[in-house]
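Asks: Below you'll find the structure I mean.
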Amino acid sequence: MSEPTRWAGVAAAGVTIAVMAAGCGSSSSLTSKTPSQIVAAAESATKSATSYEISGSGTASTGVNSFDLKVVGADISGSYVLNGATIDMVKVASNIYIKGPASFYTAEGASATGAELLGGVWVEITAGSSYASNFSSLSNITDIPSKLSSTTATFTSDGTGTVDGQSVVFLKDTTSGDIVAIATSGPAYPLQLKETGSTAGTYDLSNWNSVATFTAPPNPVKLPSA
C-alpha cells in the first residue's frame, strides 16, 4: 500500500504546530507576551493535553484532499480522503485498521478478487508488519509533543482575531509564511495553522481533552504480517 497519510503539507503543519507544544500553560494575557513566551505557553498546554482532534484540507501531491483525526494518547481514529475515496481508520495498541471502498484497493494494485474481499470491511494491519510501516507518518500529523526540537522556525507576532469563536493571537513563521493561531483564553492551545506555498492548506485543532476513548473494530480481515 502507499502511504496515504504522508501529506507534505500536513507533515509541515505538524512540525510547525509541534513547536507550540513545554513552558507556562496558561494563555492569560498572551496578547502582551513576546512570540517566544507565547510559544512556551502553547508548548506547556499541548504537552499536558490528553486528547484532541485535528482536521484539514489542502493541496497534496499524494492525492490526499482532507482528513479528520481524533487523538487519545497514542491512539488515533478518523478518516481521510485519498484520490476521491474516503478511508476510515483506527489505530489502537499500534495496530492499524482501515475501511475503504473496493476502488481504493484496486488503485493500490489489488486484484479484482482482493479488492472485492477487502472493500467496505475493516482490515487489520498488524503492528510491525511491512504494511504498518506505510502509516508511520501518522506521527507527523498527530504526535505534536514529539516534535518539540524538530524545527528551527522563527515566529513573529501577526495580530489577534478569532478562530471558531475563540480569541486567538496569531504567530507567523518568518521563513515559511505559515501562520499559527493560539488561544488567548484558557490553556494556550494551538487552534489553527494556515500553510502557504505549494502545499497550501488550513489545519484546525479542537476538542482538547474532550475526545472519548475508542476501541478496535470487531472481526477485521487480517492482512499477512509480511
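Asks: Considering Val168, Val64, which residue is crowded, with 19+ Cβ neighbours inside 10 Å, modelled with pLDDT under 80 and either touching a helix residue (DSSP H, G or I) at 6+ places or on another chain (Cβ under 7 Å) or within 29 Å of Leu193 (Cα to Cα) (or both)?
Replies: Val64
Asks: Name every residue in the range 82-105 that is surrounded by fewer than 17 Cβ atoms within 10 Å (Cβ to Cβ) and farther than 24 Å from Thr215 by Cβ, in order of residue number.
Replies: If the condition is that a residue be surrounded by fewer than 17 Cβ atoms within 10 Å (Cβ to Cβ) and farther than 24 Å from Thr215 by Cβ, then Asn83, Gly84, Ser103 are the ones that fit.
Asks: OK, next. Out of the range 53-91, which residues are under 16 Å from Leu205 (Cβ atoms), in contact with a Leu (Cβ under 6 Å, 6 or more places away or on another chain) and not aliphatic (A, V, I, L, M)?
Replies: Result: Gly78, single match.
Asks: Working only within the range 209-219, note down all residues that are within 17 Å of the chain's Cα centre (by Cα) and open to solvent by less than 30 Å² (accessible area, probe 1.4 Å).
Replies: Val211
Asks: Given Gly161, Gly197, Gly201, Gly177, which one is modelled with pLDDT of 90 or more and among the small types (Gly, Ala, Ser)?
Replies: Gly161
Asks: Any residue that is in a strand (DSSP E or B), of a type outside the set (A, V, I, L, M, F, W, C), open to solvent by 50 Å² or more (accessible area, probe 1.4 Å) and touching a Gly at 6+ places or on another chain (Cβ under 7 Å) - is there at least one of those in the range 184-194?
Replies: The answer is yes; a qualifying residue exists.
Asks: With the structure loaded, tell me whether Ser210 is at pLDDT 95 or above and more than 25 Å from Asn134 (Cβ to Cβ) or whether it fails that test.
Replies: So Ser210 passes the test.
Asks: Further question on the same structure: What is the number of the single condition among (1) over 18 Å from the mean Cα position of the chain (by Cα); (2) at pLDDT below 90 that Ile144 does not meet?
Replies: In the conditions (1) over 18 Å from the mean Cα position of the chain (by Cα); (2) at pLDDT below 90, Ile144 misses (1) alone.
The values are calculated or read from the model by the stated rules, or taken from the named source; none is laboratory data. Quantities reported herein were computed from a predicted structural model and do not represent experimental measurements. Because the Cβ atoms are built from the backbone with ideal geometry, glycine has one as well, and the counts that use them run over all protein chains shown. Just the protein is used for accessible areas: all its heavy atoms, side chains included, with ligands, DNA and RNA removed. Shrake-Rupley method; radii C 1.70, N 1.55, O 1.52, S 1.80 Å.
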